[in-house]
Amino acid sequence: MFEVIAVPVDGSDYGYKAADVAIEIAKKFNSKIAAVHVLEEFSFNSYASEEDSGDAILAKITEKAGNVGVEVVEHLLTADPLRDMKFIIDQTRADLVVIHAHGANDKRFVSFEENEVSDTQIGSVSERLLRTSDVPVLLVK
């Protein structure tokens, strides 16, 4: 049913929870995981430090998935998560995206009151991906 399941991860507990859900789905459908970590284009930290951190985040997902026999392809990219996530997901050729409701850097929340889901608030990256993705998006709270 799903050949590739993309899971954007930022190193937050929320991101790891979404990865756990993606791994369970991948295990059930014999899918691959496209683990995506985006390095901010403009950061006050050194690029090497950000890259090391991103590699560690992706390695954690790969190890966890490998323990249950799920293959992971790691994607460590420099981009703007808000602007580029749809493009990044398209490039992974994902059939499904599993993303957390909000992560470590989300400061803006969007309410979907107009869609009658008044109790649901999500971060800006997740919200944009929900609105623009050509493939199903599973939002993990």
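Selection of the range 67-84 for residues being touching a strand residue (DSSP E or B) at 6+ places or on another chain (Cβ under 7 Å) and in a helix (DSSP H, G or I) yields only 81. Which of the residues spanning the range 93-104 are surrounded by fewer than 20 Cβ atoms within 10 Å (Cβ to Cβ) and out of contact with any Phe, Trp or Tyr (no Cβ under 9 Å at 6 or more places or on another chain)? The one that is surrounded by fewer than 20 Cβ atoms within 10 Å (Cβ to Cβ) and out of contact with any Phe, Trp or Tyr (no Cβ under 9 Å at 6 or more places or on another chain): 93. What do you reckon, is residue 34 part of a strand (DSSP E or B) and either touching a Lys or Arg at 6+ places or on another chain (Cβ under 8 Å) or buried (at least 21 other Cβ atoms within 10 Å of the Cβ) (or both)? Judged against the criteria, residue 34 is a match. A count restricted to the range 1-15 and to residues that are open to solvent by 30 Å² or more (accessible area, probe 1.4 Å) and either within 17 Å of residue 39 (Cα to Cα) or among the charged types (D, E, K, R) (or both) stands at 4.
Exactly one residue among 21, 7, 72, 68 is in contact with a Lys or Arg (Cβ under 6 Å, 6 or more places away or on another chain) and either closer than 17 Å to residue 129 by Cα or among the β-branched types (Val, Ile, Thr) (or both), and that residue is 68.
The values are calculated or read from the model by the stated rules, or taken from the named source; none is laboratory data. Only a predicted model underlies this, so the values are computations on that prediction, with no experimental measurement involved. Positions of Cβ are backbone-derived with ideal geometry, glycine not excepted, and every protein chain shown enters the neighbour counts. Calculation scope for accessible area: heavy atoms of the full protein, side chains included, ligands and nucleic acids excluded. Shrake-Rupley method; radii C 1.70, N 1.55, O 1.52, S 1.80 Å.
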